[in-house]
Amino acid sequence: AFNVPTGLGSHVHWDRRLDGRIARAMMSIPAIKGVEIGDGFRNATVRGSQVHDAIFWDQDERKYYRKTNHAGGIEGGISNGMPIIVRAAMKPISTLLNPLESVDLESKKATRAHIERSDVCAVPAASIIGESMLALVLADAILEKFGGDSMEELMERFRQWEEH
């Protein structure tokens, strides 16, 4: 997700941490078995000096920036203005052309699982659902931060926030 406002989420409340909310949304997608934000799993294997994103000051632009985004756009549960990078790991579909051993529910005897093929790969569909879930979480966080009873009011509050 690009151009996400800084400050979405919370470092104080466990249930309002943006990374936790995103992970929960991704894990709610059927067959998703793992989620990482930024370089999450890689970051667990290297030193902090290789993980943390240094902060720099751009005098011309009059703003802070980073050259890397290992944190995936979220630090301490709060969006930091960098792109939010989310990856999800999906297990293979359950139907197999070479079925596994199983048990007949009525006779309780060993048998092979039934072969029923409905799809070959669910990754393309899951990616669309993942994008949608991320959008829902970010929309909720934006409403939480800026509030408002209408889009007009929300946009006015966002515009005021941008000016400061």
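Just so you know, all these numbers are worked out from the coordinates, no wet-lab data involved. Quick caveat, the model's predicted, so the values are computed rather than measured. Don't worry about glycine lacking a Cβ; one is built from the backbone with ideal geometry, like all the others, and counts go over all protein chains shown.
Quick look at the values:
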| item | result |
| --- | --- |
| Flag if H114 is in a loop (DSSP other than H, G, I, E, B) and in contact (Cβ under 8 Å) with a residue 24 or more places away in the chain | no |
| Pick from the range 142-164, criterion part of a helix (DSSP H, G or I) and in contact with a helix residue (DSSP H, G or I) (Cβ under 6 Å, 6 or more places away or on another chain), ranking: farthest from R62 (Cα to Cα) | L154 |
| When residues of the range 17-45 are limited to those that are among the aliphatic types (A, V, I, L, M) and either in contact with a Gly (Cβ under 7 Å, 6 or more places away or on another chain) or in a loop (DSSP other than H, G, I, E, B) (or both), the one farthest from G7 (Cα to Cα) | A31 |
| Qualifying residue in the range 46-61 (condition: part of a loop (DSSP other than H, G, I, E, B), in contact with a Phe, Trp or Tyr (Cβ under 9 Å, 6 or more places away or on another chain) and on the phi < 0 side of the Ramachandran plot) | no |
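Residue-by-condition table, conditions (1) out of contact with any Gly (no Cβ under 8 Å at 6 or more places or on another chain); (2) in contact (Cβ under 8 Å) with a residue 24 or more places away in the chain; (3) of a type in the set (A, V, I, L, M); (4) over 26 Å from F158 (Cα atoms):
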position	(1), (2), (3), (4)
P5	no, yes, no, no
D53	yes, yes, no, yes
G73	no, yes, no, no
M82	no, yes, yes, no
